[in-house]
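Visitor: Structure below; questions to follow.
Every read-out reported here was derived from the displayed coordinates using simple, explicitly stated rules and does not represent laboratory data. What you see is a predicted model; the values in this text were computed from it and never measured. Cβ sites come from the backbone with ideal geometry, for glycine too, and all protein chains shown count toward neighbours.
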Ligand code: PAF
């Protein structure tokens with residue numbers, strides 16, 4: 001596996017692959033890799049001839065300087081995991097490579113970006129949309145792989161690729177969970193042992209709400225029960241726990257089309273998000 005940090009070198013390797021008729025997949029990450037990321041790499045390896053993984057902790061998508069400073073950075077371990085997983089190229093640029101002096105462009109997907117996560121993390125999705133656009137343009141990948149754990153992000157990426165005619169196919173991959181149901185996330189590393197024991201309560205409450213809604217329970221009551229259960233388990237605050245249309249993310253108060261239950265909640269100093277499908 002080669003590690004590159006500059007765009008010129010990256011483009012020249014990818015151009016060589018493309019001249020040889022090989023398809024290219026990219027797995028964008030912010031590092032602190034876990035099995036969820038490796039499942040994206042496995043999907044990329046199954047779907048394309050060559051696989052690039054990017055590791056870049058994108059300052060533009062953090063709306064809180066402390067969160068950015070505390071984001072785990074484990075590049076050596078990440079590189080070893082990616083090599084072991086069979087990645088061909090690791091692209092790990094410095095911030096000034098992605099955002100050189102005078103950088104002045106923002107990619108924003110209106111509507112989808114200011115709801116749910118966007119309400120609590122203003123500007124977050126502009127940072128995500130901008131860096132994903134840049135990573136797709138820099139790598140020239142034919143396919144890009146994203147986890148369904150960040151469901152709203154996935155919808156935003158799909159929309160920007162369509163709106164900007166970026167010639168890449170976006171593939172969403174199922175959320176990987178720990179044995180107790182907790183969605184795998186780099187942020188889980190910051191949970192204390194006590195918090196880690198409480199953490200699955202979010203998924204459990206969501207799964208119970210989804211089952212109740214599927215079984216015909218009124219949506220507002222099922223959501224209120226789930227929010228109460230999460231707080232009773234030891235979470236400090238539920239920012240949102242809502243039923244939304246699966247793709248457009250419009251609020252739903254009846255299960256009359258494919259839907260997604262999405263939630264964000266604080267456990268100690270860590271903000272956890274999760275989502276699950278709720279089919280009518
Ligand atoms: O999901 C992530 O890790 C990040 O938001 C992404 C897509 C790599 C962009 O920085």
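Visitor: Let me check I have the definition right: for segment 54-99, take the eigenvalues of the Cα gyration tensor, multiply each by 5, take square roots. What are those semi-axes in whole Å, largest first?
Guide: Equivalent ellipsoid semi-axes, largest first: 23, 13, 7 Å.
Visitor: Relative to the compact globular guide of 2.2 N^0.38 Å, what is the alpha carbon radius of gyration of the chain, as a ratio?
Guide: So the chain has a normalised radius of gyration of 1.02.
Visitor: For 151, 266, what's the fewest-to-most ordering of other Cβ within 10 Å of each Cβ?
Guide: Fewest to most other Cβ atoms nearby, the residues stand as 266, 151.
Visitor: Something else now. Sequence gap at least 6, Cα distance under 8 Å: using those rules, report the relative contact order of the chain to the nearest whole percent.
Guide: Answer for the chain is 17 percent.
Visitor: Angle check, please: helix 200-214 long axis (alpha carbons) against the longest principal axis of the chain (alpha carbons), in degrees 0 to 90, nearest 10.
Guide: That works out to roughly 70 degrees.
Visitor: Same structure, new question: In terms of the Cα gyration tensor, with a ≥ b ≥ c the square roots of its eigenvalues, is segment 138-280 rounded because a/c is under 1.5, prolate because a/b exceeds b/c, or oblate?
Guide: oblate
Visitor: Would you mind checking the tilt of helix 7-19 against the longest principal axis of the Cα atoms of the chain, expressed as 0 to 90 degrees and rounded to 10?
Guide: For 7-19 against the chain, the angle is about 80 degrees.
Visitor: Treat the count of other C-beta atoms within 10 Å as a stand-in for reagent exposure and order 133, 225, 29 from fewest to most.
Guide: 225, 133, 29
Visitor: Could you work out the percent of alpha carbon pairs in segment 1-136 separated by over 20 Å, rounded to a whole number?
Guide: For segment 1-136, the fraction of Cα-Cα distances above 20 Å is 51 percent.
Visitor: I want to check the label-to-label distance for residue 67 and residue 19. Put each point 7 Å from Cα in the C-beta direction and report it in nm to one decimal.
Guide: In this crude label model, residue 67 to residue 19 measures out at 4.4 nm.
Visitor: A further question follows. So for segment 112-205, what percent of the C-alpha to C-alpha distances run longer than 17 Å?
Guide: Pairs farther apart than 17 Å: 58 percent.
Visitor: Using Cα-Cα distances under 8 Å and only pairs 6 or more residues apart, what relative contact order does segment 138-280 have, in percent?
Guide: Taking the mean separation of contacting Cα pairs over the length of segment 138-280, I get 21 percent.
Visitor: Follow-up. Taking neighbour counts of Cβ atoms within 10 Å as a proxy for exposure, in what order, fewest first, do 254, 11 appear?
Guide: 254, 11
Visitor: Using DSSP, restrict attention to beta bridges with both residues in the chain and report what percent are antiparallel, rounded to the nearest 5.
Guide: 50
Visitor: Can you list, bin by bin at 10 Å, the percent of alpha carbon pairs in segment 155-222, starting at 0?
Guide: Histogram of Cα-Cα distances, whole percents per bin: 17, 28, 29, 23, 3.
Visitor: Once segment 84-159 is represented by equal point scatterers at the alpha-carbon sites, with solvent omitted, what log10 I(q)/I(0) does the Debye formula produce at q = 0.15, 0.22, 0.24 Å⁻¹?
Guide: Result of the Debye calculation: -0.61, -1.13, -1.23.
Visitor: Okay, next question. On a 0 to 90 degree scale, rounded to 10, what angle separates helix 124-139 from the longest Cα axis of the chain?
Guide: Compared with the principal axis, the helix lies near 30 degrees.
Visitor: Something else about it: For n ≥ 4 DSSP H runs only, could you compute -39500 (n - 2.57) per run for the chain, divide by its residues and tell me the 222 nm figure to the nearest 500?
Guide: The helix contribution divided over the chain gives -12000 deg cm²/dmol.
Visitor: Let me ask you something else. Normalising by the residue count of segment 51-99, find the relative contact order in percent from Cα pairs under 8 Å and 6+ residues apart.
Guide: Result for segment 51-99 is 65 percent.
Visitor: Then there is this: Taking the Cα centre of each part, how many Å lie between segment 20-97 and segment 159-235?
Guide: Centre-to-centre (Cα) distance: 23 Å.
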